[in-house]
1. Relative to the longest principal axis of the C-alpha atoms of the chain, give the angle of the C-alpha long axis of helix 432-471, reported between 0 and 90° and rounded to the nearest 10°.
2. Looking at the chain, how many pairs of lysines come closer than 18 Å at the Cα, when each pair is eight or more places apart or spans two chains?
3. Please list, in order, the residues from the stretch 22-61 whose amide nitrogen is less than 19 Å from a point placed 7 Å along the Cα→Cβ vector of I300.
4. Defining a contact as two alpha carbons under 8 Å apart and six or more residues distant in sequence, what relative contact order in percent does the chain show?
5. Once label points are set 7 Å from the Cα along Cα→Cβ at both E20 and V416, what is their separation, rounded to one decimal in nm?
6. Summing -39500 (n - 2.57) over the DSSP H runs of n ≥ 4 in the chain and dividing by its residue number, what mean residue ellipticity at 222 nm do you reach, to the nearest 500 deg cm²/dmol?
7. Between the helical axis of 370-381 and the dominant principal axis of the chain, each derived from Cα atoms, what acute angle in degrees is found, rounded to the nearest 10?
8. Using only the alpha-carbon atoms, how far is helix 384-399 inclined from the longest principal axis of the chain? Give it as 0 to 90 degrees, nearest 10.
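Values quoted throughout were computed directly from the atomic coordinates according to the rules given, and no laboratory measurement underlies them. Everything quoted here is computed from the prediction, not taken from an experiment. Neighbour counts are summed over all protein chains in view; Cβ atoms, including those assigned to glycine, are modelled from backbone coordinates with ideal geometry.
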Amino acid sequence: MPTSDSEDDTPSSSNQKETEGTKILLADPKTAILRLSVPMMIAMTLMTLYNVVDAFWVAGLGADALAAVGFSFPLFIITIGLASGLGTGGEAALARMIGARNRAGASSVAMHTILLMTVLAVVVTIPLYLFAHDIFVLMGAGDAVGLATEYARILFLGTFALLFGEVAYALMHGEGDAKRTMYAMAAGAVANIVLDPILIYGLDMGIAGAAWATILAEVIAAVPMVYWLFVKRDTYISLCFRGFCPDAAVARDVLQVGLPAAAEQLALALMALILNGVIVLIASTDGVAVYSVGWRVVSIGLTPILAISSAVVAVTAATYGARAYARMETALRFAARLGLGIGIGLAMATFAFAPLIAALFTAGDAAVIAPELTTYLRVMSLVYPMVGFGLFSASFFQGTGLGARSLTITLLQNIVLSILFAWMFAAVLGLGLSGIWWGVAAGNAIGAALGYAWARRYSAGLLIGQAGATAA
């Protein structure tokens, strides 16, 4: 296993198979961050566009259809969160094996991740499909129960394709193959954009058409991944399940990051629920509308930083596996500087154009919330420069296999500090609804700073320990 930590080191020639992606992953960490981030920025932008277009077409079906999708959304998000968490665990473990030049180990990680994904698909699909109607009744769906059940059950039929796509994206990204990951994600997004109006209105399938469009798009995105991984077989990992014997140690390696990563997604949903409660107590349901729309806008704006954070997972894991701790430190610091620059640019643009953005998202009767939405966007824009420090620190710990630390950062930022400061500013200091926005911004900024300091301290400890071992 390589032990050099020089930033100028590049992996020496090896009898192990190398691909363009693994060469990128193991070379200069700054270049790796950029080359893995840009394709993901493009793919995430297209996915965001698809979500906007999908909402537009469904809106034409009326309020009940929108409500049905709204009630289905939490279940869909939980499913995606579980898949995304598992994919992150597989990506991190895979990249560490690549760094250690262990192709057999990398392939084993990939096969275990796919096996775990299959188990997850069965565990999720059966109960959600069978009890969808009862779940929506308990959620208080009212008149929308029938449409929600129809829509959700069709989506659940495509759970395997959805989970496979999330896991396959992560595995290919984990071996540095960001371009083809982008192609597959883009194919799915474009397919969904095209299929929505055809199935919903052209074939008069209504809300069922929206669900089938999503499933078909997931299958279209999965097809090239299946071809590259199982037919063409030109990836670094080699997937062959003949004679495959599950290894509990490998599964644990995936899950020690995968489970906390999935919990992070659930924590974000929990934060939204708690914050909605605080908003209702302090202000009114209009405040909830402001937060709902505002957070959607913020999520769109932060797409570049989210893309960089996905690259940090893979690059950190590969350098950690190679024990190239100086390169690992370089990757974290470069990502932080890059995120800071992008965050400042996004903050300036959002602050300047907040009234226009608010107007675009509050047409018709919703125009009444435009002034408060403008305030929300301007307050939250001030924390944009700090967002990357928290996200990249969490990704850094995922890459090193310390998923619990990543989860701790997320909980500290979004559950502990954000909620605490939101209540303090709004209720104790009497700042009302705007105090909630300032509290969330302050909690995120402080949590991000603490997370980054923790990651840098851990990285410094590895460097000191390696230097001491070399000297001895």
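1. 10 degrees
2. 4
3. 41-60
4. 22 percent
5. 4.4 nm
6. Using -39500 (n - 2.57) per qualifying helix, the result is -27000 deg cm²/dmol.
7. 10 degrees
8. 50 degrees
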